[in-house]
1. Between the helical axis of B:448-459 and the dominant principal axis of chain B, each derived from Cα atoms, what acute angle in degrees is found, rounded to the nearest 10?
2. With r defined as the distance between the Cβ atoms of B:S401 and B:A346 and R0 fixed at 45 Å, what FRET efficiency is calculated, to the nearest 0.05?
3. Give the Kirkwood hydrodynamic radius (Å, one decimal) of segment B:165-206, defined as one over the mean of 1/r across all pairs of different Cα atoms.
4. If R₀ is 60 angstrom, what is the calculated FRET efficiency for the pair A:A2 and B:Q192, using the beta carbon separation as r and rounding to 0.05?
5. Find the percent of Cα-Cα distances in chain B that exceed 36 Å, and round it to a whole number.
6. Taking the alpha-carbon centroid of each part, what is the distance from segment B:131-178 to segment B:398-449 in angstrom?
7. For chain A, what does -39500 (n - 2.57) per DSSP helix run (n ≥ 4), summed and divided by total residues, give at 222 nm, in deg cm²/dmol to the nearest 500?
8. For segment B:168-264, what are the per-bin percents of Cα-Cα distances with bins 10 Å wide, up to the bin holding the maximum?
Amino acid sequence: MAWFLVKRLLQGVLVMVLVASAVFLITRVVTNPALAFLPLNASKAQRADTLAYLGLDKSLLAQYWTYLGQLAHLDFGNSFFIQGESAFKIVRDAVPATLLLDTVAIVIALVIAMPLGIIAALRPGSKLDKATTTVSLLGLSAPQFWLGFMLVLIFGVHLKWFPTSGDLGPTAIVLPALALALPTAGKIAQLMRSAMIDELDQPYILTARSKGMGGFHRIYHHALRHCLVTVMTQASFEYARMLAGYTVVVEVVFAWPGLGQLTVQALNDQDLVVLQAIVIVTAGLIVLVNLITDILYSVIDPRIEATA
Amino acid sequence: MRGHHGFHRKILSAVAVSGLVLGLGACSNSSSGGTNTGGKSGGGTSKNIVIALQDEPSTLDPQTAEDAQQFDVTVNINETLLDRKNDAETTIYPLLASDMPKQVNPTTWEIKVRSGISFTNGEPFNAAAAAYSINRIINPKLNSAQLSIFTGIKNAEAVDDTTVRVTTDGFDPVFDSQMARLTMVPPKASTQKGFASNPVGTGPYMFVRWDRGQDVVIKANPNYWGDTKPTIPQATFRFIGQSNSATAALKTGEVQLATNVPPELTSTVPQVISRDGLEFPIVRLKNYEGPLKDPRIRQAMNYAIDKDALAKNLFSGYATVAQCQTLDQADAGFDSGLQAYPYDPAKAKQLLQQAGYHGETISFLGVTGRWLKDSEMEQAILGYLKAVGMNVKPKIFPFNSYIPQFVKGQGSGQPDAAFVSASNELSDASQISSYYAKDGSLSSYVNDKVTNDLKQAQTEQDTTKRNQLFSEVLTTGCQDDPVDIFTVNLKDIYGASKDLKFSPYLDGGLRIASMSFD
């Protein structure tokens, strides 16, 4: 187990160095922050001064070397636009809001999806199955931004149950978390259903049934445990996708003060230093999520040993 | 990077999805219910305001960035020596100065500053602080994005406690306008780390806090020196990127004012407030080489566009037809004698024929997702040009890829035509040089008389003569040798709660002290 963890961590570090290098090269090649920073009619000399000020006048290799040197000391550099403010601090301050939002969303998704999938799997082809399958299909087909606006209009504007945006007060998280959770819940419910149908067809379940074991017991103690591995894989994948993408859309719609909003802001301002820090921190979070998933596998199903 | 006073104001892709939500939004009867959460102070009508900004300020140092959101906040905190009234002429008057600047000799100005004023951290505001502020912004080490506004200012020194002497490179006819833009900062606090996220000024409001990603809060300065005491005790600027989300928050009463409401969402907000803004979408034309060299072709392009239709249909009436120049009528040098080209496709075809245009390819550089309805404007313009028989090959890019191509110098592969939104930071015609003068930073236009006239206007001390020079330049650039396709002037659109009283300023700054509730 320990060796496995060390190996996984080393792999994670390698992934992050690759990601850091890729984001460095891509942003340096396709953008020119001096142009975004200055007004349109700035003079050539002013543009050159700004590039020098941002340290972007040096050769790409020299910049890359400095960058790697800083990274080795876990120094992400300072924001281009907020003098003297460390990019890492800016990003770190935005992480808790995103983690909270995405975690609440994945929990909601699982709470909705698992019963829905199990109910559908009990009588495949029945009206109940068709109804739950339709609902989950609707969920997974709805784009987050559209779902977000609909939730705002219905529960924010019309019913006034929740604030329409921002992170002010404990109820503010409900709508953005739902916007993230519902499409995910749709996917997990579908998966839960098919995994459960497969599992309920297994000979050991037939045996249990013939021994007179009750339906609840049969599902809860035997079949569910096996399905959980499949669901866990999907949930961890979905969580990573939230962190690395969906959260951007939802945070912008709901003005949620997390990593997603910061990403859009840094892109618009072309604050490359902050952008790099965001990508590296997000990559780190995803490596961590995968690691935790691997560990959870062996907890759920002891037959799976945590070996690489 | 979003145009307001040449500031950068982003129009996010928000607009793209507004159509989707419109359907439902329209059914909601736009009731402006909900209560204002503020109003802690006992003063009866005095309640707090929450304002939705489209973006987070990149910094709160008033001197370093060219950023509309930063300006919206710091205009309440940091004051200038001179200021502009919110009247039709945007008259300049002394604010922290006690009098208008006096010219001692062609390159030296003297400004008297008021005495007895302090920054909210206790530092005195005096001639030394004013001189420091001027020198700070022009110091290359600060790398201020506002530097181009203050071209020509060389140095400032405090002569005594209330007198600042400013030297300029040559005679500076826009000195007053520059002083109306140059913010005063406290000498001690502004050298300390963290000033950019903890601004200090002499203004009617003072900084409280900045929660990254969420909001900036300012409160009324209880010791404000000026006559216009603020009536709103506290203002919160929330960052709500999506226009739909901002208008939803307006409807529920979570915010009382939202900037940059897209025209198609105006029917969904409790109160619409608008005024002529600074943005002039134009198509810059290349006159020194290529298929548009003959001025008749460029005249034809101006005849080909139905400006009224653009203003009415594309911008739902929240735009006016530009009078063949990129100046507001309040700007110094505005030529009231110029008129927009009428929409006359027959005349356009005739001119094209006379010029011997036979479908030569015209390259067109466009941008998307930068300015309000930029790609819709480009599509409409391309349609009009095609309708009169022009063969335009568009290349449309997001801003990051567009801008390096747009700022290419003359003779280095500039596009024949390029869409852009022009604006004027100084409310002065001298700013058109960047497009009209041969050596302008954004120019694809060569006309020696125009270049010389603009150079002369730079140092002309007589206002009448100066305006005459600008009039000649503008007339040439409109009629004889068109520099652009002129289209419309956009209005700034604000959504507000029913009880908010606010008359927007030309520069777009959200001055809370000028707002009140019924």
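1. 20
2. Taking R0 as 45 Å, the efficiency between B:S401 and B:A346 is 0.75.
3. 12.7
4. With a Förster radius of 60 Å, E is 0.80.
5. So the portion of pairs separated by more than 36 Å is 35 percent.
6. 26
7. -23500 deg cm²/dmol
8. Going out from 0 Å in 10 Å bins, segment B:168-264 shows 12, 29, 32, 21, 5, 0 percent.
Any read-out appearing in this document is the output of simple, stated calculations on the displayed coordinates, not a laboratory observation. Please read all numbers here as calculations on a predicted model, not as lab measurements. We place every Cβ from the backbone using ideal geometry, glycine too, and count neighbours over all the protein chains shown.
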